[in-house]
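> The following block contains the structure, expressed as structure tokens.
Read-outs throughout are calculated quantities, based only on the coordinates presented, and are distinct from any laboratory measurement. Not measured: the values here are computed from a predicted model. Here Cβ is always computed from backbone atoms with ideal geometry, including for glycine, and neighbour counts include all displayed protein chains.
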Amino acid sequence: MEQTYIMIKPDGVQRGLIGEVVSRIENRGLKVAAMRMNVMSEESAKEHYKEHVERPFFGSLIEYVTSGPSVSMVIEGKNAVVIMRAVNGATNPVEALPGTIRGDFAVETGRNVVHASDSPESAQREIAIHFKESEVTSYSKVDEVCLYE
């Protein structure tokens, strides 16, 4: 099963959307293999978003993502990366379709509720930043027989 990293950002936590986001993930047939709520350290945030270090918004992004609690998750299932990108919607909420997390709950890119890894390679890198291997639990759900051929 493929794994991906998902974060409910501080705006999603502050707005009480944790349950809604987790519900959408589980309703889609994916499963939570690890979950933690904490205030991300500046070091972890800089490592997580290092591909944006040269961008003008990098400083404000780091300041924001470390400003309050976020929820980090490892999500597992077939095609988990692609599915979660679709569930989240376009990065810019103006372009996100209704029915997606960002399309339903976000207004601006800087406060777009969730983060999702953009590739299996990014997912592995991001999971390693936020979780020890021993914190990720792989298991079978009883409904997998209904989900997968």
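> Which residues' amide hydrogens lie under 5 Å from the amide hydrogen of Ala33, considering only partners 5 or more residues apart or on another chain, with H built in the peptide plane?
The list, which skips near neighbours in sequence, is Val74, Ile75, Glu76.
> Something else about it: Could you work out how far apart the two model spin labels at Asp118 and Cys146 are, taking each label as a point 7 Å from the Cα in the direction of the beta carbon, and quote it in nm?
3.6 nm
> Okay, next question. For Ile6, Ile75, Ile83, Ile127, which order do you get if you count the other beta carbons within 10 Å of each Cβ and list the fewest first?
Ordered by Cβ neighbours within 10 Å, fewest first: Ile83, Ile127, Ile6, Ile75.
> Assign unit charges at the C-beta atoms only (+1 for Lys and Arg, -1 for Asp and Glu), then state the dipole size of the chain relative to its Cα centre in Debye, rounded to the nearest 20.
The dipole of the chain has a size of about 220 debye.
> Each residue of the range 94-105 in order: what ³J(HN,Hα) in whole Hz does its phi give by Karplus 6.51 cos²θ - 1.76 cosθ + 1.60, θ = phi - 60°, with x for Gly and Pro?
Karplus-based 3J(HN,Hα) across the range 94-105 equals 5, 9, 6, 6, x, x, 8, 4, 5, x, 8, 10 Hz.
> Of Met37, Met73, Met84, which has the largest mean-square fluctuation in a 10 Å C-alpha GNM of the chain?
Result for the chain, Cα springs under 10 Å: Met37 fluctuates most.
> So if I restrict to the alpha-carbon atoms in the chain, what is the Rg, and what is Dmax, the biggest pairwise distance, in Å?
Computed over the Cα atoms of the chain, radius of gyration and Dmax are 14.7, 47 Å.
> With springs connecting C-alpha atoms under 10 Å apart, model the chain as a Gaussian network and identify which of Thr66, Thr91, Thr137 has the largest mean-square fluctuation.
Looking only at Thr66, Thr91, Thr137, the biggest GNM fluctuation is shown by Thr137.
> Using only Cα atoms, tell me the angle between helix 18-27 and the longest principal axis of the chain; keep it within 0 to 90° and round to the nearest 10.
40 degrees
> Return the whole-Å distance between the Cα centroid of the range 15-31 and the Cα centroid of the range 93-131.
Result: 13 Å between the Cα centres.
> In addition: Determine the principal axes of the Cα atoms in the range 64-118, then give the extent along each, sorted from largest to smallest and rounded to whole angstroms.
31, 26, 16
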